[in-house]
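In what follows, a single structure is set out as structure tokens and then discussed.
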Ligand SMILES: C[S@@+](CC[C@H](N)C(=O)[O-])C[C@H]1O[C@@H](n2cnc3c(N)ncnc32)[C@H](O)[C@@H]1O
């Protein structure tokens with residue numbers, strides 16, 4: 001049997017890290033493209049990718065790929081898939097179409113045509129068609145159109161993988177869990193050294209970090225789309241899930257710390273930590289980042305400050321960044337500090353010299369991860385350097 005093709009989607013900027021992660025999971029023929037990684041594997045590989053990937057958003061199983069010129073070609077490609085072999089007619093479906101450089105104008109119309117093709121094929125094979133449920137479908141079908149080819153997938157994940165199944169409270173502007181995990185990977189944090197998020201909000205960074213440190217599989221507590229497919233192998237899946245739960249380390253205090261100025265956000269963080277039984281492992285405190293004392297002599301700071309458009313006014317941030325720069329320089333010597341922001345004003349206003357800048361996307365929003373290695377007394381940039389913005 002030829003190996004099954006898959007495509008794992010991820011936030012743009014994390015593709016290379018996702019290649020490493022999928023290789024470790026046992027995937028082969030890894031092909032990164034902007035927004036994801038194609039790979040080959042068997043059923044167990046796809047289960048492991050869903051269970052263990054901290055970076056992927058979805059794992060899609062490729063069912064067909066065909067050239068197209070018009071909507072009818074897309075319909076024909078979708079009609080050509082024996083959907084009735086993949087899922088039962090009782091399953092409620094949803095179709096999602098994405099396109100890059102497609103000559104076809106209406107994605108909505110293509111979505112409708114793919115849905116029609118699936119239903120028509122079912123009617124021809126079983127005399128009945130599946131219902132559509134866009135809010136909580138059992139089975140998600142994805143179509144991707146580039147300039148010449150349409151590719152049809154079944155989504156093996158269901159709900160996106162950044163939903164780890166523990167989040168009870170959302171907070172003001174939480175990061176997606178897989179983006180937070182990717183940022184942690186980019187910092188090079190070794191899972192043992194102290195980690196501090198002084199603007200932790202609902203706790204996404206500290207929770208992802210604790211899950212990494214304690215080897216908690218991100219998917220061990222949730223359901224997946226593949227459970228609704230006819231090919232689902234319950235025994236294989238429960239074996240993999242149990243093996244993952246068995247390697248999880250027992251709860252212990254971790255050198256991972258969160259702080260926030262908002263009591264409400266800290267309550268959210270605490271609720272989330274409790275839901276995943278990590279509330280005794282991580283220390284949270286109420287503090288202003290401009291005054292907070294470092295929780296250890298050295299370590300990794302990772303922070304996602306409020307961004308003007310979403311949380312605060314422009315002038316407030318203009319005043320805040322230089323003071324944040326001062327706080328890092330004066331109190332965090334010995335720390336590697338990483339600031340994740342979409343704000344192009346940050347690098348010049350903070351008045352520290354970034355040692356690395358990594359472009360990343362938060363959905364459609366272009367962001368940067370700035371690295372500042374804080375060494376006592378040597379961080380301030382000379383005035384003439386301060387105008388250079390993010391590159
Ligand atoms: C963009 S949110 C961080 C979201 C967080 N990464 C998450 O995933 O939930 C920014 C956070 O900074 C906090 N904040 C704003 N000003 C602060 C300050 N001066 N000191 C500490 N925290 C502050 C806000 O309360 C908010 O929770």
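Remarks
- Residue 326 surrounded by fewer than 18 Cβ atoms within 10 Å (Cβ to Cβ), within 11 Å of the ligand (Cβ to nearest atom) and either part of a helix (DSSP H, G or I) or in the same structural domain as residue 182 (by TED's automatic domain parsing) (or both): no
- Flag not set for residue 306, criterion: within 14 Å of the ligand (Cβ to nearest atom), over 15 Å from residue 198 (Cα atoms) and surrounded by 13 or more Cβ atoms within 10 Å (Cβ to Cβ).
- Some residue of the stretch 129-140 being in contact with a strand residue (DSSP E or B) (Cβ under 7 Å, 6 or more places away or on another chain) and either within 16 Å of the ligand (Cβ to nearest atom) or under 30 Å from residue 367 (Cβ atoms) (or both): yes
- If you check 113, 140, 94 for being surrounded by 15 or more Cβ atoms within 10 Å (Cβ to Cβ) and in contact (Cβ under 8 Å) with a residue 60 or more places away in the chain, only one passes: 140.
- Filtered by the rule that a residue be within 8 Å of the ligand (Cβ to nearest atom) and closer than 20 Å to residue 35 by Cα, the stretch 163-193 gives 175, 180.
- Among residues of the stretch 211-234, those that are surrounded by fewer than 24 Cβ atoms within 10 Å (Cβ to Cβ) and within 16 Å of the ligand (Cβ to nearest atom), counted: 2
- All positions within the stretch 340-369 that are buried (at least 22 other Cβ atoms within 10 Å of the Cβ), in a strand (DSSP E or B) and in contact with a helix residue (DSSP H, G or I) (Cβ under 7 Å, 6 or more places away or on another chain): 340, 352
- Among the residues listed as 196, 298, 205, 257, the single one being at pLDDT 95 or above, within 9 Å of the ligand (Cβ to nearest atom) and farther than 21 Å from residue 59 by Cα: 205
The values are calculated or read from the model by the stated rules, or taken from the named source; none is laboratory data. A quick note: this is a predicted structure, and the numbers were derived from the prediction, not measured. Positions of Cβ are backbone-derived with ideal geometry, glycine not excepted, and every protein chain shown enters the neighbour counts.
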